[in-house]
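Heads up, the thing below is written out as structure tokens.
The values are calculated or read from the model by the stated rules, or taken from the named source; none is laboratory data. Worth saying up front: this structure is predicted, and the values here are computed from it rather than measured. Positions of Cβ are backbone-derived with ideal geometry, glycine not excepted, and every protein chain shown enters the neighbour counts. Accessible surface is based on the protein model in full, side chains and every heavy atom, while ligands, DNA and RNA are left aside. Shrake-Rupley method; radii C 1.70, N 1.55, O 1.52, S 1.80 Å.
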Amino acid sequence: MPFLAAFTAIYAANLFEAGRVRIARARSFAQYQILGLLGAGGMGEVYEAEHSLLKRPCAVKVVHPSHRFDMETLRRFEQEVKVTAQLTHPNTIRIYDYGQTLSGVFYYVMEYVKGMTLYELVRQYGPLPASRALFLLDQACGSLHEAHKLGMIHRDIKPGNLLISNPGGEGDFVKVVDFGLVAAMPESIHGHDDRSFGKMIGTPAFMPPEQGLGEGRVDARSDVYALGATAYFLVTGKVPFDEPTPQTQLLAHLTRVVPPPSIFSQEISEDFEQVILRCLEKNSSARYQSMGDLRDALAACAC
């Protein structure tokens with residue numbers, strides 16, 4: 001059995017690598033010219049590309065060859081593209097195309113954002129001034145407010161899913177990406193999403209307590225918590241609970257009091273700190289009840 005498991009793992013890895021090489025070496029993919037690999041995640045890979053005729057820069061996301069017959073992965077991939085395509089807010093990534101190649105590879109095409117994630121920004125340059133963090137968070141609120149109005153909860157808001165770029169000379173322009181874990185808003189604010197019931201979905205360092213419990217009891221206020229954890233990271237360079245494992249991080253979100261960000265940053269104003277801490281309330285009824293409420297609170301901060 002150990003030999004069989006090892007053989008299966010090696011075979012899957014080789015299959016995945018072969019698929020990567022085929023795409024990377026290909027001069028074209030469907031009607032798109034592939035220019036290079038941008039990044040990879042658990043579900044797929046993203047390539048820089050351009051439309052063969054329009055010459056428009058774009059990014060092509062493909063399902064890993066190893067997940068080609070995984071129905072749950074394909075369902076999430078299809079959900080991601082269909083959900084994102086419904087969103088029109090300028091701070092949400094735009095979808096251009098979706099399809100399947102003759103060889104059976106599923107892909108979708110989105111706008112190419114030349115920039116970096118907020119995670120990369122902080123790791124490379126250090127914590128942000130409060131005023132800059134507020135400017136970026138306001139844009140993310142706008143994107144998520146539209147999604148929530150359409151009944152969609154992101155469920156994986158984190159610095160790595162917020163891109164910044166400089167389109168048309170507009171500096172620090174935010175794009176919210178990766179709607180692969182989006183869930184339908186429950187009809188009742190205390191309802192739950194049956195599809196995710198019993199599953200832990202998201203990123204533990206930024207996950208609200210109700211999501212970490214895996215009970216599916218998430219709503220717009222869950223994204224408020226995650227964006228608050230993101231704000232904490234932007235101004236301190238630290239996550240709310242710096243624990244060694246995902247399990248201990250989840251436990252901390254459930255049981256421990258968040259250290260005030262002013263412990264790590266003397267520049268943050270008291271009102272901005274209180275906004276962040278309210279987002280991170282363990283009881284969702286104590287948080288801001290919508291992205292609109294949070295946006296108003298951010299706008300009222302002195303900094």
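Numbers for the structure displayed
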{"quantity": "Residue check, Cys279 crowded, with 21+ Cβ neighbours inside 10 Å and touching a helix residue (DSSP H, G or I) at 6+ places or on another chain (Cβ under 8 Å)", "calculated": "yes"}
{"quantity": "Every residue from segment 262-271 that is assigned to a loop (DSSP other than H, G, I, E, B) and either open to solvent by less than 50 Å² (accessible area, probe 1.4 Å) or among the acidic types (Asp, Glu) (or both)", "calculated": "Ser265, Glu267, Ile268, Ser269"}
{"quantity": "Residue that is surrounded by the fewest Cβ atoms within 10 Å (Cβ to Cβ) [pool: residues in segment 101-137 that are part of a helix (DSSP H, G or I) and of a type in the set (Gly, Ala, Ser)]", "calculated": "Ser131"}
{"quantity": "Any hit, segment 46-55, residues being among the basic types (Lys, Arg) and surrounded by 14 or more Cβ atoms within 10 Å (Cβ to Cβ)", "calculated": "no"}
{"quantity": "Residue list for segment 233-261, restricted to those being part of a helix (DSSP H, G or I), more than 22 Å from Thr117 (Cβ to Cβ) and among the β-branched types (Val, Ile, Thr)", "calculated": "Thr248, Thr255"}
{"quantity": "Tally of residues being among the hydroxyl-bearing types (Ser, Thr, Tyr) and surrounded by fewer than 18 Cβ atoms within 10 Å (Cβ to Cβ) across segment 282-291", "calculated": "1"}
{"quantity": "Whichever residue in segment 233-255 is out of contact with any helix residue (DSSP H, G or I) (no Cβ under 6 Å at 6 or more places or on another chain) and at pLDDT below 95 and, among such residues, is surrounded by the fewest Cβ atoms within 10 Å (Cβ to Cβ)", "calculated": "Pro244"}
{"quantity": "Meets criteria (outside any loop (DSSP other than H, G, I, E, B), out of contact with any Lys or Arg (no Cβ under 8 Å at 6 or more places or on another chain) and open to solvent by less than 80 Å² (accessible area, probe 1.4 Å)) for Leu294", "calculated": "yes"}
{"quantity": "Residue list for segment 211-232, filter: open to solvent by less than 20 Å² (accessible area, probe 1.4 Å) and not in a helix (DSSP H, G or I)", "calculated": "Gly214, Gly216, Val218, Asp219"}
{"quantity": "Candidates Arg195, Arg132, filtered to the one that is modelled with pLDDT of 90 or more and over 19 Å from the mean Cα position of the chain (by Cα)", "calculated": "Arg132"}
{"quantity": "Pairs, first closer than 18 Å to Val81 by Cβ and modelled with pLDDT under 90 in segment 26-51, second hydroxyl-bearing (Ser, Thr, Tyr) and open to solvent by 50 Å² or more (accessible area, probe 1.4 Å), C-beta under 6 Å, six or more apart", "calculated": "none"}
{"quantity": "Answer residue from segment 156-176, given it is of a type outside the set (Asp, Glu) and under 8 Å from the mean Cα position of the chain (by Cα) and is surrounded by the most Cβ atoms within 10 Å (Cβ to Cβ) among those", "calculated": "Ile157"}
{"quantity": "Matching residues in segment 56-72 - criterion: being surrounded by fewer than 16 Cβ atoms within 10 Å (Cβ to Cβ), at pLDDT below 90 and not in a loop (DSSP other than H, G, I, E, B)", "calculated": "Met71, Glu72"}
